[in-house]
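The values are calculated or read from the model by the stated rules, or taken from the named source; none is laboratory data. Note that the structure is a prediction, hence the values are computed from the model and not measured. We place every Cβ from the backbone using ideal geometry, glycine too, and count neighbours over all the protein chains shown. Heads up: the accessible areas ignore ligands, DNA and RNA and are worked out on the full protein's heavy atoms, side chains in. Shrake-Rupley method; radii C 1.70, N 1.55, O 1.52, S 1.80 Å.
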Amino acid sequence: MENECITVTVDRITFHSEQSGYYVLKTSSTKFPEGVTVVGNFGIIQPGEEIRVYGTWTCHPTFGMQFHAFKYTILKPATLKGIEKYLGSGMIKGIGPATAKKLVETFGIDTLEIIENEPERLTECQGIGPGKAEIIASGWFLQRAIQDVMIFLQGHGISPAYATRIYRKYDRDAVRKVSENPYILAHEVPGMGFKKADAIAAEFGITGNDPRRIRAGILYILANVTREGHLFLTATELLRHASEVLQIDDETEIRAAIQRLRQEKAIVIRELDEKMLCYLPPDYRAEEGSVDTICELLAFGREVPRQKMLDSLSKAFAGHGLSLSDTQQLAVESSLTKGLLIITGGPGTGKTTTLKAVVSAHQALKRKVLLASPTGRAAKRLAEVSGFSASTIHRLLEYSPQEHGFKRNREQPLECDTLVIDEASMIDMMLFYQLIQAVRPGSSLVLVGDADQLPSVGPGLVLNQLIESGVVPVVKLESVFRQAETSTIVRNAHLINQGHMPQLTVPDGKNRSDSYFVHAEDPDRALALLQNIVQKSLPSSFGYDSINDIQVLTPMNRGKLGATNLNQVLQAVLNPPSEEKNEIEHLNRIFRCGDKIIQLKNNYDLEVFNGDVGKIVEIDPEEQEAVVEFPQGRVVFQASDLIDTALAYAVTVHKSQGSEYPAVVLVASTQHYMMLQRNLFYTGLTRARRTVVFLGSRKAIAMAVKNNRVKTRNTILAYLLKEKINSPV
């Protein structure tokens with residue numbers, strides 16, 4: 001069929017893929033009063049917008065005639081109904097459905113013209129003062145600027161979510177910056193990737209062996225491997241990856257580009273055992289710099305008279321009614337004299353009791369103690385179980401968005417004598433470096449964690465490497481205490497860690513347990529059972545609240561049993577829409593008052609960090625704002641802030657690290673075979689405080705238990721520590 005051009009008004013969005021930007025739109029016009037289905041890749045499209053689309057008519061075997069758009073232009077809505085729908089869609093801050101109706105009643109067909117060219121006149125509308133008029137005008141111009149970026153990027157398959165990020169990164173310079181060097185997207189915009197940047201670059205004639213392309217490819221590869229947990233690549237690995245990504249067979253120009261980057265100090269190369277290790281500068285600085293500071297901590301020690309130590313221990317234990325094993329007492333005594341100490345152990349071995357005793361003993365000696373954990377939820381739990389105040393590491397170090405760094409550092413260290421960090425297995429190399437830089441000379445650091453859990457999401461293997469080095473004092477708690485022995489959760493955690501199948505009870509209404517197994521091979525069957533377990537079975541049997549007490553964990557985000565789909569299913573049954581609950585629609589996702597959400601990336605402006613979980617307690621549809629209750633307090637989210645959040649009825653096991661829940665439903669499906677690892681299931685199981693339900697197949701559980709092949713990470717922290725400590729002065 002020949003190309004055509006039609007002009008239509010968007011009535012509603014039937015389907016939208018955030019990843020691809022693909023839309024199915026129900027539209028209408030005077031020429032097509034019965035409506036037209038328009039499909040294609042668009043930027044951000046809102047109901048009420050008038051669009052001119054260029055494309056062809058096609059016949060879908062199921063849905064009939066559709067207009068397939070190849071490109072489009074956004075026009076201003078030309079009818080009162082269209083203007084009201086357009087403005088009321090929530091795309092402009094300060095305008096919701098009610099305000100949109102008032103504006104159209106006041107200004108009629110000239111409404112959009114007045115917002116754009118005479119925004120001061122908005123005060124003529126009842127209920128709009130100068131302040132709100134300014135907010136509406138700013139929101140309008142922001143939206144128009146974003147649309148310009150969207151249209152520029154639409155032909156390159158970039159999703160609306162990433163186009164919004166590009167705008168937020170470069171503001172009004174976005175089009176110019178991307179045109180000049182499309183490869184900035186690969187390493188300056190998280191998640192964009194080299195392939196998309198490469199496709200845009202090709203439009204500007206940057207292809208093949210162009211030095212800009214090779215340089216960008218190398219930097220992208222090194223940035224990408226840090227997301228896989230590595231701190232460096234060997235030169236051989238980097239050459240291989242670069243050849244594959246760039247599709248260049250001749251390595252000569254790649255080698256030359258690596259050397260140029262080294263000369264420019266854009267990468268750092270360390271020689272080790274005849275290998276060349278290639279780092280990005282921040283990763284090199286974190287690993288190298290941590291070694292010197294760790295050695296300073298190790299060199300520091302306190303002499304505490306034996307009687308004074310015994311008196312402090314006696315006071316600490318008597319004040320809290322603590323009774324410690326010999327190993328626990330050794331941990332407490334060591335913490336009083338060592339500059340750096342690791343206390344590690346599995347569930348039920350008394351880490352929390354030991355931590356409480358450590359803090360009490362140090363306070364008995366008049367030492368100022370600070371406690372912190374990597375995430376907000378872990379910090380809240382630490383405060384609850386220890387009886388002492390605790391914060392996140394980011395808040396402890398006082399991150400400054402204006403300075404793009406932590407206020408607490410070498411020059412302004414933490415004001416404490418002892419720093420205790422719980423859930424230390426979660427700390428990556430970069431955060432650890434920042435943390436130990438802020439430890440005041442003469443202070444001591446105590447790290448508490450389970451080295452058998454999943455490693456940090458960020459690069460490095462800090463806790464494991466410190467233990468492996470053999471130069472850091474370690475007290476390992478191994479004896480499971482009697483009160484913990486009654487818990488099958490604790491017993492099953494140790495069974496899994498030893499490579500044995502957990503002992504699970506099939507619910508029959510008679511036998512009570514804290515570890516259950518519900519069989520479901522088919523994903524659809526698993527979804528139906530999951531809804532029943534979370535909504536009915538666990539609440540009726542144990543009195544749990546479906547949203548606040550029960551957490552669904554799954555190995556992956558993708559797939560029918562991945563976190564993304566599970567959240568949609570669970571939201572529908574646990575927090576369905578109603579007239580009493582306000583909503584915000586953002587990038588084809590619904591956020592509703594009462595929803596549990598998780599922060600996916602650090603937002604330093606709002607002081608909410610990766611892994612923080614909160615509950616939406618208020619939504620203002622007019623202002624397009626959501627108030628979220630986090631453990632640390634309430635935070636106001638603009639609609640644009642929601643790009644880095646997700647529903648949290650179900651989260652990945654990785655995202656649950658450092659948290660503990662009354663009840664956990666752990667999805668175990670062979671669909672997730674790539675992620676079925678022992679430490680993942682061990683970590684997921686130990687998130688449950690009182691009840692765990694494995695939902696899926698025993699085969700999947702067996703696959704995970706048998707798979708102890710933990711993926712190695714490129715880090716040499718342990719080697720560097722041993723070399724530094726053992727080298728002659």
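Counted as qualifying within segment 551-627 are no strands (runs of 3 or more DSSP E), as none has 2 or more residues that are among the hydroxyl-bearing types (S, T, Y).
Exactly one residue out of L447, L382, L461, L454 is touching a residue at least 24 places away in the same chain (Cβ under 8 Å), open to solvent by 30 Å² or more (accessible area, probe 1.4 Å) and within 28 Å of I496 (Cβ to Cβ): that is L461.
Look at (1) out of contact with any strand residue (DSSP E or B) (no Cβ under 6 Å at 6 or more places or on another chain); (2) open to solvent by less than 70 Å² (accessible area, probe 1.4 Å); (3) of a type in the set (V, I, T) and you find that T207 fails only one, number (2). Scanning segment 226-263 for residues that are touching a helix residue (DSSP H, G or I) at 6+ places or on another chain (Cβ under 8 Å) and closer than 26 Å to S456 by Cβ yields a total of 8. The residue pairs whose first member lies in segment 661-689 and is within 13 Å of P347 (Cβ to Cβ), whose second member is open to solvent by less than 20 Å² (accessible area, probe 1.4 Å) and of a type in the set (F, W, Y), and whose beta carbons are closer than 6 Å, counting only pairs six or more residues apart or on different chains, are R687/Y661.
In summary, strands (runs of 3 or more DSSP E) completely within segment 633-719 and bearing 3 or more residues that are aliphatic (A, V, I, L, M) occur at 661-668, 688-696.
Counting the residues of segment 95-129 that are closer than 24 Å to D11 by Cβ and either in a loop (DSSP other than H, G, I, E, B) or touching a Ser or Thr at 6+ places or on another chain (Cβ under 6 Å) (or both) gives 4.
The criterion of being assigned to a helix (DSSP H, G or I), of a type in the set (D, E, K, R), more than 22 Å from V245 (Cα to Cα) and at pLDDT 85 or above does not hold for R144.
Considering segment 42-59, the residues that are farther than 25 Å from E84 by Cα and in contact (Cβ under 8 Å) with a residue 12 or more places away in the chain include one that is surrounded by the most Cβ atoms within 10 Å (Cβ to Cβ), namely G55. H230 falls short on exactly one of the conditions (1) touching a residue at least 40 places away in the same chain (Cβ under 8 Å); (2) within 17 Å of H187 (Cα to Cα); (3) of a type outside the set (S, T, N, Q); (4) surrounded by fewer than 19 Cβ atoms within 10 Å (Cβ to Cβ), and that condition is (4). Within segment 465-482, the set of residues being in contact (Cβ under 8 Å) with a residue 40 or more places away in the chain and either open to solvent by 40 Å² or more (accessible area, probe 1.4 Å) or assigned to a loop (DSSP other than H, G, I, E, B) (or both) comprises I467, E468, G470, V471, V472, P473, V474, K476, E478, S479, V480, F481. Pairs meeting the criteria (first residue in segment 390-404 and open to solvent by 60 Å² or more (accessible area, probe 1.4 Å), second residue aromatic (F, W, Y), beta carbons under 7 Å, at least 6 apart or on different chains) are E398/F406.
Scanning for something open to solvent by 80 Å² or more (accessible area, probe 1.4 Å), closer than 20 Å to S656 by Cα and in a loop (DSSP other than H, G, I, E, B), does segment 518-540 turn up at least one residue? Within segment 518-540 (the criterion being open to solvent by 80 Å² or more (accessible area, probe 1.4 Å), closer than 20 Å to S656 by Cα and in a loop (DSSP other than H, G, I, E, B)), the answer is no, since none of the residues qualifies. The single condition from (1) in contact (Cβ under 8 Å) with a residue 40 or more places away in the chain; (2) open to solvent by 40 Å² or more (accessible area, probe 1.4 Å); (3) of a type in the set (V, I, T) that I214 fails is (2).
Pairs linking a residue in segment 163-188 that is over 24 Å from P282 (Cα atoms) to a residue that is assigned to a helix (DSSP H, G or I) and basic (K, R), with Cβ atoms under 8 Å and 6 or more positions apart or on different chains, do not occur. The condition (being without any contact (Cβ under 8 Å) to a residue 12 or more places away in the chain and either closer than 27 Å to I427 by Cα or in contact with a Ser or Thr (Cβ under 6 Å, 6 or more places away or on another chain) (or both)) is satisfied by just one residue among E271, E296: E271. Taking Y719, is it under 23 Å from the mean Cα position of the chain (by Cα) and surrounded by fewer than 18 Cβ atoms within 10 Å (Cβ to Cβ)? It is false that Y719 is under 23 Å from the mean Cα position of the chain (by Cα) and surrounded by fewer than 18 Cβ atoms within 10 Å (Cβ to Cβ). The set of residues in segment 358-390 that are modelled with pLDDT under 90, closer than 20 Å to L477 by Cβ and among the small types (G, A, S) comprises S360, A361, A378, S386, G387. Which of the following residues is exposed (fewer than 13 other Cβ atoms within 10 Å of the Cβ), among the acidic types (D, E) and modelled with pLDDT under 95: D508, D514? From the options D508, D514, the qualifying one is D508.
For segment 556-578, the condition of being open to solvent by 20 Å² or more (accessible area, probe 1.4 Å), modelled with pLDDT of 90 or more, under 21 Å from the mean Cα position of the chain (by Cα) and of a type in the set (D, E, K, R) holds for at least one residue. Of all residues in segment 257-315, those satisfying the criterion of being over 38 Å from the mean Cα position of the chain (by Cα) and among the acidic types (D, E) are E303, D311.
Summed over segment 622-659, residues that are polar (S, T, N, Q), out of contact with any Asp or Glu (no Cβ under 9 Å at 6 or more places or on another chain) and open to solvent by 10 Å² or more (accessible area, probe 1.4 Å) total 3.
Inspect all residues belonging to segment 413-429 and state whether any of them is of a type outside the set (D, E, K, R), free of Cβ contacts under 8 Å to residues at least 60 places away in the same chain and open to solvent by 10 Å² or more (accessible area, probe 1.4 Å). Yes: segment 413-429 contains one or more residues that are of a type outside the set (D, E, K, R), free of Cβ contacts under 8 Å to residues at least 60 places away in the same chain and open to solvent by 10 Å² or more (accessible area, probe 1.4 Å). Sub-6 Å Cβ pairs linking a first residue in segment 237-264 that is over 12 Å from C278 (Cβ atoms) to a second residue that is assigned to a loop (DSSP other than H, G, I, E, B), at least 6 apart or interchain, are E253/N209, ordered by first then second residue. Within segment 541-555, the set of residues being among the aromatic types (F, W, Y) and either open to solvent by 50 Å² or more (accessible area, probe 1.4 Å) or farther than 18 Å from L685 by Cβ (or both) comprises F542 only.
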